[in-house]
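Here the structure is laid out as structure tokens; the discussion comes afterwards.
The values are calculated or read from the model by the stated rules, or taken from the named source; none is laboratory data. Worth saying up front: this structure is predicted, and the values here are computed from it rather than measured. With ideal geometry, Cβ positions are generated from the backbone for all residues, glycine too; neighbour counts draw on all protein chains shown.
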Amino acid sequence: MKMPMFTWSVFSTCIIILFAFPILTVTLALLFLDRFAGAHFFTLDLGGNPMMYINLIWMWGHPEVYIVVLPAFGVFSEIVSTFSRKKLFGYKSMVFAMLIISFLSFFTWAHHFFTMGSGADVNAFFAVTTMLIAIPTGVKIFNWLFTMYRGRIRMATPMMWTLAFIPCFIVGGMTGVLLSVAPADFQFHNSYFLIAHFHQVLIGGVVFGYFAGLYYWWPKMFGFQLEEKLGKWAFWTWNIGFYVCFMPQYAVGLMGMTRRLSTYGWDTGWWELNFVSTIGAFLMGVGFLFQVAQIADGIRKYKTLKASGDPWDGRTLEWSIPSPAPEYNFAVTPRGDDIDEWWEEKERRAKGIYPPEQPLEPIHMPKNSSIPFIMSVFWFVAGFGFVFGWLWMAILGLAGVGICMIARSFSYDTDYYIPVDEIKRTEASLRGSV
Ligand SMILES: [Cu+2]
């Protein structure tokens, strides 16, 4: 299957979601029975075990970190090849790496509590599986680097966030390997060293990735470009702030500071590094303000910043349609023979080879429904009632959920067709602005 890497990343994320979330559902059901029906799954007495809860939470929770990071990996793959004007290096190995990460992510959960006392054999197993994940991740890093090699790199904000991600994630990943050494983890456990590692992978990997993706697809989503100069200010304050904030935390962790402290004594010698860390946190806050200013500025200058359908000289098919995309996306189903189909198409057009005109057909569309949103409000009411033991509120919420379900089940008016005339009109008005 020739899908762009972002599509593959969403695909592998969905696989992990499919297997990980049932564990969370069961865990919450058991917790509910403990709290509400006097069961003893996670209690200290009557046969229960609180560590069972921690195990279940991380059986879901470790795959969850890959659920959040894999789409970011997909974003980086798209951006690296677009802004290096090259095909992604090692496409197949990228896909395999992602699938292997998805699989391995289910066998590492106990690395969150090597100190539980499960013994050397169990700890060794989870240490090895954790270290193994560094291999496919390393493959991806090398492929991104090789894609850039001899490419004509353009330093636009999406690419800058991608470039910042690579060294940041390497350091975050390597400290992860340090943490995975079970005997050493008896020292690192619950220390600020762990906190620094976690934030480096989750901010340096996930947040940077979604920033890169937002900058990249912003014109496609909203029809205007974000002004680059403010974006660069945001980038630098964010990145300098990041290192000033989190690097001292590795040190203060090795000095013995544990997580979740509300205060500590002056004689610990931790305050200087914590103070540096605080400065970094505020710098990141300034970076965030620059980003807010960037969006506000973009909305104000909407007309002058108006984006074409293909503002980055893109490679994948979303760039072949206008910005913002019409509700039906593609007027005719596009060809998808190549990963960089739009790039190939542009090359063909440059040689004067145009695709045959395809006849327009009415487009089948789903109708929007507000019921899922209303239902989620009722779920919230029910959950709130259960948490505080207000049964009347819980029943009210559940009744609302039931009514929503029934209403949706009996609603057959769920789709419509966009007639050809309307597609023609939309395309003509949008193409005018391309
Ligand atoms: Cu983990």
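Things to note:
- Residue in the range 408-431 that is more than 30 Å from LYS306 (Cα to Cα), of a type outside the set (S, T, N, Q) and in contact with a helix residue (DSSP H, G or I) (Cβ under 8 Å, 6 or more places away or on another chain) present: yes
- If the condition is being polar (S, T, N, Q) and within 16 Å of the ligand (Cβ to nearest atom), then the range 43-68 contributes only ASN55.
- Within the range 220-234, the set of residues being touching a residue at least 24 places away in the same chain (Cβ under 8 Å) and either assigned to a helix (DSSP H, G or I) or charged (D, E, K, R) (or both) comprises LYS220, MET221, PHE222, GLU227, GLU228, LEU230, GLY231, LYS232, TRP233, ALA234.
- Residues of the range 188-223 that are touching a strand residue (DSSP E or B) at 6+ places or on another chain (Cβ under 7 Å) and surrounded by fewer than 21 Cβ atoms within 10 Å (Cβ to Cβ): ASN190, GLY223.
- Residue selected from the range 284-318 under the condition basic (Lys, Arg) and free of Cβ contacts under 8 Å to residues at least 12 places away in the same chain, by the criterion surrounded by the fewest Cβ atoms within 10 Å (Cβ to Cβ): LYS303
For every residue, the table says whether it meets (1) farther than 22 Å from ALA20 by Cβ; (2) in contact with a Gly (Cβ under 9 Å, 6 or more places away or on another chain).
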residue: SER81; (1), (2): yes, yes
residue: PHE89; (1), (2): yes, no
residue: ILE100; (1), (2): no, no
residue: ASN123; (1), (2): yes, no
residue: ALA134; (1), (2): no, yes
residue: GLY138; (1), (2): yes, yes
residue: PHE142; (1), (2): yes, yes
residue: ILE153; (1), (2): yes, no
residue: PRO167; (1), (2): yes, yes
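- Taking every residue in the range 136-150 that is under 12 Å from VAL80 (Cα atoms) and pairing it with any residue that is of a type in the set (S, T, N, Q) and buried (at least 20 other Cβ atoms within 10 Å of the Cβ), at least 6 positions away or on another chain, the pairs with Cβ-Cβ distances below 7 Å are THR147/SER81; THR147/SER84; MET148/SER84.
- Hits in the range 353-374 - residues which are surrounded by 12 or more Cβ atoms within 10 Å (Cβ to Cβ) and either closer than 19 Å to ALA29 by Cβ or among the acidic types (Asp, Glu) (or both): GLU361
- Filter pass, PRO71 being more than 16 Å from the ligand (Cβ to nearest atom) and within 21 Å of the chain's Cα centre (by Cα): yes
- Residues in the range 343-359 that are among the hydrophobic types (A, V, I, L, M, F, W, C) and at pLDDT below 90: ILE353 only.
- Number of residues in the range 107-118 that are in a helix (DSSP H, G or I) and either buried (at least 16 other Cβ atoms within 10 Å of the Cβ) or within 11 Å of the ligand (Cβ to nearest atom) (or both) equals 7.
- Residue match in the range 55-78 (condition: out of contact with any Ser or Thr (no Cβ under 9 Å at 6 or more places or on another chain), in a loop (DSSP other than H, G, I, E, B) and either buried (at least 16 other Cβ atoms within 10 Å of the Cβ) or of a type in the set (Gly, Ala, Ser) (or both)): no
- Subset of the range 246-277 that is part of a helix (DSSP H, G or I) and free of Cβ contacts under 8 Å to residues at least 24 places away in the same chain - its residue that is farthest from ALA234 (Cα to Cα): ASP267
- So MET131, is it closer than 30 Å to GLY151 by Cα and either within 15 Å of the ligand (Cβ to nearest atom) or in a helix (DSSP H, G or I) (or both): no
- The set of residues from the range 64-103 being of a type outside the set (A, V, I, L, M, F, W, C) and touching a Phe, Trp or Tyr at 6+ places or on another chain (Cβ under 6 Å) comprises GLY74, GLU78, THR82.
- From the options ILE170, ILE153, ILE166, ILE101, residue that is within 15 Å of the ligand (Cβ to nearest atom) and not basic (Lys, Arg): ILE101
- Among residues of the range 95-119 that are free of Cβ contacts under 8 Å to residues at least 40 places away in the same chain, none has a beta-carbon under 9 Å from a residue that is away from the ligand (no atom under 15 Å from the Cβ) and hydroxyl-bearing (Ser, Thr, Tyr) at least six positions away or on a different chain.
- Residue list for the range 319-347, filter: surrounded by fewer than 12 Cβ atoms within 10 Å (Cβ to Cβ) and more than 25 Å from PHE222 (Cα to Cα): ASP337, GLU347
- Check on PHE384, farther than 30 Å from ASP421 by Cα, of a type outside the set (Asp, Glu) and in contact with a Cys (Cβ under 7 Å, 6 or more places away or on another chain): no
- Residue in the range 18-26 that is more than 23 Å from the chain's Cα centre (by Cα), surrounded by fewer than 17 Cβ atoms within 10 Å (Cβ to Cβ) and away from the ligand (no atom under 16 Å from the Cβ) present: yes
- Test: residue in the range 263-283 that is over 25 Å from MET3 (Cβ atoms), crowded, with 16+ Cβ neighbours inside 10 Å and touching a Gly at 6+ places or on another chain (Cβ under 7 Å): yes
- From the options ASP121, ASP185, residue that is assigned to a helix (DSSP H, G or I), within 14 Å of the ligand (Cβ to nearest atom) and of a type in the set (Asp, Glu): ASP185
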